[in-house]
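J.: Next up is a structure, given as C-alpha cells.
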Amino acid sequence: MSLTDILSPSDIAAALRDCQAPDSFSPKKFFQISGMSKKSSSQLKEIFRILDNDQSGFIEEDELKYFLQRFECGARVLTSSETKTFLAAADHDGDGKIGAEGINLFIYR
C-alpha cells in the first residue's frame, strides 16, 4: 500500500507546494491540506506505518526530517527547527519519538 492509496495525489501535491520554502512547514496545515485530518484512526495508522521508514513502530527525529520526502521523493528535507517543533508537538511522552497514537492525537488535537 502507498500513501496515494489513502490520500489524493492532488491533495499531497498541494500540501507539498504550501511548504516548499524552508521553515514554512506547519504540521497542522499539512495534515489539513493533504487530507490526513479527515482520515479515520485506522487510515492514520496505515499512513503512520508507511511513514515509519525503519518499521520500528516509531518515527524518530532522523526519520522525521525526511517526512516530506515520504510523500514525494523530490520534496525538501525539513529544517532542524521544523523537525524539532514537529517532534515536540507530537511526542506526548517525551521519549524523543512519535508513536502511532501520538500522531493520531496530534492530528485530532
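J.: Over the Cα atoms of segment 42-101, what Rg and Dmax result, in angstrom?
T.: 11.0, 32
J.: For Lys38, give me every one of the lysines with a C-alpha distance below 23 angstrom, ignoring sequence neighbours fewer than eight places off in its own chain.
T.: Lys28, Lys29
J.: Which one of Phe25, Ser81, Ala13 is farthest out on the positive end of the charge dipole of the chain, using unit charges on Cβ (Lys, Arg +1; Asp, Glu -1) and the Cα centre as origin?
T.: Highest projection toward the positive end goes to Ala13.
J.: Same structure, new question: First check a/c for segment 1-65, with a ≥ b ≥ c the square roots of the eigenvalues of its C-alpha gyration tensor; if it is under 1.5, answer rounded, and if not, answer prolate when a/b is larger than b/c or oblate otherwise. Walk me through the numbers before you get to the answer.
T.: Numbers: a/c = 1.88, a/b = 1.16, b/c = 1.62.
Verdict is oblate for segment 1-65.
J.: If I model a spin label at His92 and Asp18 as a point 7 Å from the Cα along the Cα→Cβ vector, what separation in nanometres do I get?
T.: With each label placed 7 Å out from Cα toward Cβ, I get 2.3 nm.
J.: If you count only protein heavy atoms with a 1.4 Å probe, what accessible area per residue comes out for the chain, rounded to a whole Å²? Write out the running numbers ahead of the final one.
T.: Values: 5690 Å² over 109 residues.
Counting only protein heavy atoms, the per-residue value for the chain is 52 Å².
J.: Do you know the relative contact order of the chain, to the nearest whole percent, from alpha carbon pairs under 8 angstrom that are 6+ apart?
T.: Dividing the mean separation by the residue count of the chain yields 26 percent.
J.: Go through segment 31-92 and name the chymotrypsin sites (Phe, Trp or Tyr not before Pro) that are in a DSSP coil and have 12 or fewer other Cβ atoms within 10 Å of their Cβ.
T.: none
J.: Taking only the Cα atoms of segment 7-108, how large is their convex hull per residue, in Å³?
T.: On the way: hull volume 8.8 nm³, N = 102.
Once divided by residue count, the hull of segment 7-108 is 86 Å³.
J.: May I ask you to compute the full-extension gain from Lys38 to Asn53, defined as 0.36 nm times their residue separation minus their alpha-carbon distance, rounded to one decimal in nm?
T.: Net length gain for the segment: 3.1 nm.
J.: Suppose R0 equals 25 Å. What FRET efficiency, 1/(1 + (r/R0)^6) with r the Cβ-Cβ distance, do Ser81 and Met1 give to the nearest 0.05?
T.: Computed FRET efficiency for Ser81 and Met1 comes out at 0.20.
J.: Sum -39500 (n - 2.57) across every DSSP H segment of at least 4 residues in the chain, then divide by the residue count to get the 222 nm mean residue ellipticity, nearest 500.
T.: -13500 deg cm²/dmol
J.: Gaussian network model of the chain, Cα springs within a sub-10 Å range: biggest mean-square fluctuation belongs to which of Arg76, Arg49, Arg17?
T.: Comparing Arg76, Arg49, Arg17 in a Gaussian network model of the chain, the most mobile one is Arg17.
J.: Going by amide H atoms built from the backbone, whose H comes under 5 Å of the H on Lys97, apart from near neighbours?
T.: Under 5 Å from the amide H of Lys97: no residue qualifies.
The values are calculated or read from the model by the stated rules, or taken from the named source; none is laboratory data. Keep in mind that what you see is a predicted model, and the values were worked out from it rather than measured. Here Cβ is always computed from backbone atoms with ideal geometry, including for glycine, and neighbour counts include all displayed protein chains. These area figures cover heavy atoms from the full protein model, side chains too; ligands, DNA and RNA do not enter into them. Shrake-Rupley method; radii C 1.70, N 1.55, O 1.52, S 1.80 Å.
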